[in-house]
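For reference, the structure discussed in these notes is given below.
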Amino acid sequence: MVRARDVLIGVAIRLAFPPFTWLFRALDALAIRCSVRSVRTAPGVVAIYLTGSMARHESIPGLSDIDFKIFVRGPRNRSAPDEIRRRFARLRRFFPMLGPPDEKGVHFIEDSAADLERYPLVRHLFDPRFYQHRLLWGEPVLDRLLPPRPEGDNLRQTLLWKLKDWVEKASVLAEHPLLAPPQRRYLLYKAVADAGLVLLMAGDNERQTEGRAAVLRELAPRLDSCARKTIGKLLAERAIRFQRALADPGEIWQLFLRLVGEALAVLGFAPGSGSAPPATGRMAEVDVPAWLREALPSDASVAGLSWRRVPLSPLDCAFFGRRLLLVSLPRPLSLAGQVRLRTAARPHAEETPVMIREPGWLRSAWCELLDHWLSPEVGDDLTALLAKGGMPPESLARRLGAKLAAWQAQLDEILASQDLARMERPRYLRFFFAAMACLALRGSLDSGDFCFPSNAHEVVDVLRRETPLAPSFIVLLEDEWRRVEEEGLPFREALFHKTRLLLQSWAGLSRRGEPLDRLAQLNDIPDLARMTVSVVVVTRNRCRQLTRCLDSLTRQERHPDELLVVDNGSSDDTAGTVGRLMAPFPVRLVPEPVVGVAVARNRGLREARGEVVAFIDDDAVAEPGWLAAMEEAFLGDERIGIVGGSILNLDTGATDPVSRFFELAERLPA
């Protein structure tokens, strides 16, 4: 079925001549003007830049989207990007050339400098040789944000991430059903041209940005006759604005892969396009799922291995401990085979990640979840994932160390934040073990004894072998992983305090280059931490009842950390009653002259020092297990914010009608 959008795209590219080109330019200008007027009023927006093909004056009516970079002031948050994208979604109803709202780049000024320093992916998105930027409105923030022109290893990393970006986009979109055929052909044209530009820039650092057609014409004489013929067809398609397919998509895909491989070789990331990633000593035979077996060629082999990677962020820990399926192929997949495998793998991507190993390549079947590694030396964790053992090459160890340093800077920020205590506990446990694995890797790079745990059990082995932590605590950690991850039980809140201290201590030792022997001080801290509990009793002229209440608190199985008696203007011997109490815990008498239960309780709340404040009336008697049960409830589930219990009438032996009534009422079935 032909979609209306495909028809409109076809009409637009066929009418790309005057006077229609004037009309298209006027519509583009109106869309840009309306976008700026709408987005500049969004909270925090300080600058709007035009980028992409529009900024380079290379746009094709019907095929080129209007791309923006929007800069926002303030701390990173979700509300600002969501609001900006909602505005673009409304505008797109009238201006389809604005493209998908979720592709609009929203950048926070305060974080952009750090991101440019930490992430080569971000650096390549701002490199003026790839992306032109034209200020449409606001402050010229790019003038102070753009880093110096990359050289040396920074240049290699920037060019590498340009290749990775195109491998990802081409893998996902080259046969995407939501794109019209001319859009898919235009995408492959851009992928080939930009891979060729990286190849040319790899050999000439001073090279200036050129149009894509000029790059392909310069590149063609360097290639064999088959590749030159494909480039000729691509240039012919560009001349007719991709109205017709002159080159086979599979043939363009193979040319793209070849240019990427040659660029990697020139950059020094791969010894040659024919090389294969190293074999692994940790692979295991697996039962291949039916959905995967049906999508693979008959000569493919599948093995399982534990997943290892250094994430860009410590919070990126969803795949820690997961099994990875590694598909080995004797030859690269065709574009049709790539689409077939991606389609089959997508519904299972979060449970069963799939990597494809081809000659000279290692890449993910679904790159939204897993990165593409383009050669044995490219993805800094690749050797750690597949190597048989021993230290990685010096250059790879250096890159791993730099990546781990950036990772740990973020870990330090997370550990110092109060938000960590609010993290969902199953996610916290995975975050904890994944962070321990990366800290172990960083320490091993410094010591020359390479170690990269891939799951919780291997982390536990490192703790036993390398640290002075008490065996009982290590067993408790391993048991908690089994309880939460394998049995689905809730995380024991009592473990949070000590595990957080362990992470903070290890990260500090790693940062200062100090030995792990100093973790021994953690053995003085209880494995299962208690909460601090303050008990508050409000009283006024009720000495007899208060004495009975206070006596019950001294008989608690779990003593309070402090007891506060708020004297709400008593004229009897309340102070003497409290003073005579022989309690195995601190007791304070807090005077509150303003009469009123609410006022007195608020005073007790302000004076209390405990994490939990328990209120009990002065005429009540607490069962011996009252405080212990309350603390257990809080420790058992971090979502709990308030705890209460049954209140029963006290048996005083009274026989008056009111007492008899309540006694009978308690015997009635609930």
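The values are calculated or read from the model by the stated rules, or taken from the named source; none is laboratory data. Since we're looking at a predicted model, the values are computed, not measured. No Cβ is skipped: glycine too gets one built from the backbone with ideal geometry, and neighbour counts run over all protein chains shown. These area figures cover heavy atoms from the full protein model, side chains too; ligands, DNA and RNA do not enter into them. Shrake-Rupley method; radii C 1.70, N 1.55, O 1.52, S 1.80 Å.
The Arg331 and Ser646 beta-carbon pair, evaluated with R₀ = 51 Å, returns a calculated FRET efficiency of approximately 0.10.
Straightening the chain between Asp299 and Asp551 buys 82.8 nm, computed as 0.36 nm per residue apart minus the Cα-Cα spacing.
Counting other Cβ atoms within 10 Å, keep those with at most 14, restrict to DSSP loop, and tell me which GluC sites (Glu not before Pro) in region 437-498 are left.
Values: sites: Glu458, Glu466, Glu478, Glu480, Glu485, Glu486, Glu487, Glu493; in loops: Glu487.
Filter output for region 437-498: Glu487.
Each Lys and Arg contributes +1 and each Asp and Glu -1, all at the Cβ; summed about the Cα centre of region 439-546, the dipole is approximately 1020 debye. Stretching Arg37 away from Ala598 to a fully extended chain increases their span by 196.7 nm, per 0.36 nm per residue minus the current alpha-carbon distance.
Only helices reaching 18 angstrom along their own axis (Cα) with mean Kyte-Doolittle hydropathy no lower than -1.0 count here, and for the DSSP H runs of the chain these are 20-39, 152-173, 181-203, 225-239, 249-267, 394-416, 425-447, 496-512. In loop segments of region 29-135 as defined by DSSP, the trypsin sites (Lys or Arg not before Pro) with at most 16 further C-beta atoms inside 10 Å of their C-beta are Arg40, Arg73, Arg76, Arg78, Arg93. Centre-to-centre, using Cα atoms only, region 126-182 and region 593-639 are separated by 57 Å. Here the simple spin-label model places points 7 Å from the Cα toward Cβ, and for Phe615 and Arg518 these points are separated by 4.6 nm.
Would you kindly state how much longer the chain becomes between Asp6 and Ala113 on full extension, computed as 0.36 nm times their sequence separation minus their alpha carbon distance, in nm to one decimal?
Working: separation 107, 0.36 × 107 = 38.52 nm, distance 4.04 nm.
My answer for the length gained is 34.5 nm.
Tell me the net charge near Glu592. Cut-off is 11 Å between Cβ atoms, Glu592 excluded, with +1 for each Lys or Arg and -1 for each Asp or Glu.
Cβ neighbours under 11 Å give a net charge of +2.
Would you kindly give the portion of the calculated P(r) for the chain that falls above 44 Å, as a percent of all Cα pairs? Within the chain, distances greater than 44 Å cover 41 percent of Cα pairs. For Asp449 and Arg149, FRET efficiency with R0 = 35 Å and r from the beta-carbon atoms, rounded to 0.05? Calculated value: 0.35.
For the chain, please report how many Lys pairs fall under 21 Å Cα to Cα, leaving out neighbours fewer than 8 apart on the same chain. Taking the Cα cut-off of 21 Å, the pair count is 16. In the chain, taking the dipole from charged Cβ atoms about the Cα centre, the farthest positive-side position among Leu635, Cys549, Leu411 is held by Leu411.
Once both labels are positioned 7 Å from their Cα atoms along Cα-to-Cβ, the gap between Asp461 and Leu15 label points is 6.7 nm.
Averaging the inverse of every distinct alpha carbon separation and then flipping it gives the Kirkwood radius. What is it for region 392-509, in angstrom units? If you can, show how the numbers build up before the last one.
Values: mean 1/r = 0.0667 Å⁻¹.
Here the Kirkwood hydrodynamic radius works out to 15.0 Å.
Expressed as a whole percent, the accessible area of region 417-546 that falls on carbon and sulfur atoms is 48 (1.4 Å probe).
Label-to-label distance for His57 and Arg228 is 3.2 nm, based on points extended 7 Å past Cα in the beta-carbon direction. What is the calculated FRET efficiency for Ala633 to Leu605, with r their C-beta to C-beta distance and R₀ = 22 Å, to the nearest 0.05? For Ala633 and Leu605, the calculated efficiency is 0.65.
Using the Cα gyration tensor of region 53-137, with a ≥ b ≥ c the square roots of its eigenvalues, what is the shape: rounded (a/c below 1.5), prolate (a/b larger than b/c) or oblate (neither)? Numbers along the way, then the final one.
Values: a/c = 2.40, a/b = 1.22, b/c = 1.97.
The shape class here is oblate.
Entry note, the chain: relative contact order of 7 percent, from Cα contacts under 8 Å with a spacing of 6+ residues. For trypsin sites (Lys or Arg not before Pro), the sites in region 160-255 that DSSP calls loop and that have at most 13 other Cβ atoms within 10 Å are Arg207, Arg244. Label 7 Å along Cα→Cβ of Ala236; region 207-230 residues with amide nitrogen under 11 Å? Once the point is set 7 Å along Cα→Cβ of Ala236, 229-230 turn out to lie under 11 Å by backbone N, inside region 207-230.
When the Cα positions of Pro526, Thr539, Leu179 are compared along the charge dipole of the chain, Leu179 comes out farthest toward the positive end, with charges on each C-beta of Lys, Arg, Asp and Glu. Between the residues Ala16, Gly203, Phe433, the greatest Cα displacement towards the positive end of the dipole of the chain, with unit charges on the Cβ of Lys, Arg, Asp and Glu, is found for Ala16.
Based on Cβ point charges of +1 for Lys and Arg and -1 for Asp and Glu, what charge dipole magnitude is obtained for the chain about its Cα centre, in debye rounded to the nearest 20?
On the way: 90 positive and 87 negative charges, 714 e Å.
In total the dipole reaches around 3420 debye.
Show that you can apply the helix-only estimate: for the chain, add -39,500 (n - 2.57) for every DSSP H stretch of four or more residues, divide by all residues, and state [θ] at 222 nm to the nearest 500.
Value at 222 nm, helices only, nearest 500: -15000 deg cm²/dmol.
Every Cα-Cα pair of region 7-58 was included, and the share exceeding 15 Å stands at 61 percent. Each 5 Å bin from zero holds the following percent of Cα-Cα pairs in region 459-569: 2, 9, 15, 15, 12, 10, 8, 8, 8, 6, 4, 2, 0.
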